[in-house]
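Here the structure comes first, spelled out in C-alpha cells, and everything after it is commentary.
The values are calculated or read from the model by the stated rules, or taken from the named source; none is laboratory data. What you see is a predicted model, and the numbers here were worked out from it, not measured in a lab. Using ideal geometry, Cβ is built from the backbone for each residue, glycine included, and neighbour counts are taken over all protein chains shown. Side chains are part of the model used for accessible areas, which takes the heavy atoms of the whole protein and leaves out ligands, DNA and RNA. Shrake-Rupley method; radii C 1.70, N 1.55, O 1.52, S 1.80 Å.
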Amino acid sequence: VIRTFRPTMTDLKQNLIPTLDVRYSLHDINTRQKDLSDHDHDSVESSPLDSTDDIIQSHLGKTTSQSFFARYFGAKSMKGAVFNLIVAVVGAGILSFPFAFRAAGLLWGLFLLLMCTYFSYLSLNLLIIASDYMPPHIVRPSYLTLSLQCGGRKLAVFTQSNVILSLLGSAISRMVGAGGIIVILYMALFNGDKTEGHKFYIYFIVGFSSLIIFPLSLMRSMSSLRFTSLLSVTCSLLLTVCLSIEYFILCDSLDVQHNESYKDYKTCFWKTSEFKNVFTQNHYSRMASFTLNGFLTAIPIFIFGYNCQPNLFPIYDSLQNASKMQRVIKYALSISVSLYIISGSFAFLTFLNGTCGNILLNDFHTSPEMVAAAILFTVSMVLATPVFINAIRENINDMIWRKKQIPLIPHILVTFAICAVCVTISVLVSDIATVFGLIGCTTNPITGYILPTFFVWKLVPKHDQQHRTIKILSLVMVLIVAVISLLSLGFKIYTFATGNGTEHCENVQSLE
C-alpha cells in the first residue's frame, strides 16, 4: 500500500521536514480554501500559502537562515522579531523626516509624529486581532486571505491593486532619491553647471534605469538582493548617527548667503540665550506651524515612515503568541520613533528653513561621513528598486494570468512597461518628499489603517466586548487619517497643477 505522507504544521515549524518553495496565486488560494471547507479541518492541516505579503516579505529579505544570527536573532525569538519589525519600519522614508519637521515646526511635528506612531501601533494590533479571528483552516493569515475572507475576490483584487500602487511608489521614491544624490555628487566632483541640474538628473535616471535597474529586474528570483532591506536600515542607523554629529558641529555656524532660506541664528540648544531666538519674533512657525500647508505636508511623510503592516504576518506567524507580538510592536516602534525624532529634529535644527526634501542634498561642508552616507544610501536605493519591480510584476501576473511566472517574451515586456512607468514619473516628480507624501496620502492609509479596521469590524462578533475599546479607537483613527489623506491629496494635486509645489532647495551639498 502506497500512502502519501503529508507533513503537519508542527513538523514544518520544527524544521523536521524541508519545505518546498511553492507559489500560490489568487486562484489557487480560492481553490484551496474551497477544498478545505469540504474536509475535516481537525484532521487535515493546510500548507502555508505564499500570498502577496509573503512575496514582498521574501523579496525584501526579512526571513532569516539557520545560522549564528538566526539562533540569536531568528524570527522565533523576541530579539529577532523586534529586529525584523524595525527593518520593516525604518527605511528610505527617514530622508524626508527633517523636511516634515520643517513643514510642521519642531514641537508640532513631534506631536504629529507621535500621533502617527500611535496610529501605527493601533493598526498593527488590529491585524493581530483580525488574524486571531480567522477560520482555523487559514493557517497563515495575510492581507490577501483576510481580504478574501472579509470581502471575497473583489476586495482581494482591490487589495492587490493597492499593494501594486504602493510598491510602485516605493520603487519611484528610491529612483528619485538616488537620482538627486547622484546629480549633487556629479556637480561637485566634476564642476557641472548647476543650471543644468535637472537635465543631468534626467540623464542619470534614464542611464542607471537602463544599465542597472532594468537588467536586474529581469531576474525571476530576487534571492541575491535580499540584503537590500538590511542595508537600508543600516544606512538609516548610520544617517541618524551622522546627523547627530553634524548638528553639534554645524549648530554654531551661520550661512553666509542671505537668501530666503538662510540660517540666521545659532541653534545649539545648550546656548539657551541664542537658542531662544530661533523660535521668537517672526519665527514662531519653527516651533509650531499650524498652517494647512505644513499640516498636510508633514503627516503623509510620517505615515509613509510606518508602512510596515504587510510585514507583520510572517513575524507573528513565527512567534505564534499575541502577547509577545504586542511587546515586539512596542519595542520596535519605540526604537523606530527614537531614530526618527533624533534624525528629524537634529537635521531640522541644523538647517532650519534650508532643510531639503532629501536631507542628503543639504550642504554639510564637505563632511566625509555624510558623503559616505549619501553614497551608501544611493547604492541601497538603486539595488532595492528591482526588488519592488519584481514584486509588482508577480502581482500583475497573478491578476492577469493567475500565475506568478509567465513566458520569457511577456516577462520582458511587463518588466519593461513597469520600468518605463517608474522612469516617466521619476522624471516628472524629482522631489522625494513629494513622492513620499503622495504615497502617504493614498495607498498607505488604505493598506495600513482602513483595511485593518475593516477586517476587525468584519471578523470580530458584535457581542464580543473584549476588543470594544480598540474598535472604537480604530474608527476615530480611520476618520482622522481619511480626512487628512483626502485633504492632502487634493492639496498636492492643486499645488502640482498650479506649479506651486515643493520649493527648490537652495542649501545643497557642496564638496568643493
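For the cross-link pairs 330/403; 324/471; 199/492; 330/471; 324/403, which exceed 29 Å when the distance is taken from alpha carbon to alpha carbon? Result: 330/403; 324/403 exceed 29 Å. Multiplying the residue separation of residue 321 and residue 237 by 0.36 nm and subtracting their alpha-carbon distance yields 27.3 nm.
Kindly state, to the nearest 0.05, the FRET efficiency for residue 272 paired with residue 475, given R0 = 56 Å and r defined as their beta-carbon distance. The value I calculate is 0.80. Expressed in Å, the radius of gyration and Dmax of the Cα atoms of the stretch 357-419 are 17.8, 53.
Mind checking the per residue accessible area of the stretch 106-160 for me, 1.4 Å probe, whole number of Å²? Per-residue accessible area for the stretch 106-160 comes out at 34 Å². Residues of the stretch 324-355 falling in the label zone of residue 291, defined by backbone nitrogen less than 20 Å from a point 7 Å along Cα to beta-carbon, are 345, 348-355.
Pop out the carbon and sulfur fraction of the accessible area of the stretch 259-367 as a percent, whole number, probe 1.4 Å. Carbon and sulfur: 54 percent of the exposed surface of the stretch 259-367. Taking all protein chains into account, the per residue accessible area for the stretch 324-425 stands at 34 Å² (1.4 Å probe).
Taken along its three principal axes, the alpha carbon spread of the stretch 290-398 comes to 49, 34, 33 Å, from the longest extent down to the shortest. Over the C-alpha atoms of the stretch 287-350, the Rg to Rh ratio, Rh being the Kirkwood estimate, stands at 1.11. Calculated accessible area for the stretch 433-495 comes out at 47 Å² per residue, all protein chains present (probe 1.4 Å; ligands, DNA, RNA ignored). Computed extension gain for residue 413 through residue 379, at 0.36 nm per residue and net of the alpha carbon distance, reaches 9.7 nm. Considering only protein heavy atoms and a 1.4 Å probe, what is the carbon-and-sulfur percentage of the accessible area of the stretch 377-491? Its accessible area is 76 percent carbon and sulfur atoms.
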